[in-house]
1. Which order do the peptides 142-151, 46-55 come out in when sorted by mean C-beta neighbours inside 10 angstrom, highest first?
2. Please list 132-141, 284-293 highest first by mean number of surrounding beta-carbon atoms within 10 Å per residue.
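Each reported figure results from applying straightforward, stated rules to the coordinates on display, with no laboratory input. Remember, predicted model here, so these are calculated numbers, not experimental data. Methodologically, a virtual Cβ is constructed for each residue, glycine included, from the backbone with ideal geometry; neighbour enumeration extends over all protein chains shown.
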């Protein structure tokens, strides 16, 4: 019988996704996926399956690396030996991302081993995503390894094999909640824009290239800063690293305030709704109704009976009501940590509404 508290490792999985060392890797991954999404012309079910496959592959690579780290630290190497070498890997990865991003900006494809864009979830593309997931994990080791080794890897020794596996899977589910929801939302949004506003796609490709280039630049800056700190702990702080760490700490504190289980449940419910909506056209009437009944029933139980509307409905309505005031803060307090995120979200929602409205008008005219 499994007798462990899974809330903590699940929350750690969510927080590890935005850890200070690998904080740049999440937007870098989304930028790469956005700039290299070749499934725009495919049907909606194929786009959903691709989004699921690449995000779960990325997560699997990440947690497998951390699992191997836990095994190695307990048997072969020390945690300190690992921590002293990961900053150098961070610098190397940053040096790889920058030319790839610049090549995407120039309309060229650089042949890097784990950056081979494919069409759909092919074997070649999945190997590329595995490489990205391994890179994500290696960059994150410096900040996340101590907590992971204590609360996740250490559970095998404290609680036994069965409970340890449960803790490990809860950690993986927490990270997958963030990666899958963001990747799947991005895939569906880009697919919708491709159908209705194809002229905007080159701009999305450039946004992805810029994100990849900036992510690589930050990794180099952060890796060099970590190397300097390891050599001399009294080294002065880096303003770029400090700003990004401040943003990351705000997001982590917000996650803790909301609650890891609550946030993860909301993300997985959103994934379920996107999957049901995306796979709908490929299903016959009866399986489609059954799928929507399961998803809708889960939403009713989680949102209505358990959280009484305070899971997503009330927070989203409150967020929408407060949005005009947030927009006013863009000029009053432009250096506020949430400003860039709010601007990006506003632009994304506006484009989505515009594309949906334009598509609906065109459908009626036909």
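1. Working: 142-151: 18.9, 46-55: 23.0.
Ranking the peptides 142-151, 46-55 by packing returns 46-55, 142-151.
2. Details: 132-141: 24.4, 284-293: 11.4.
Those peptides, ordered most packed to least, come out 132-141, 284-293.
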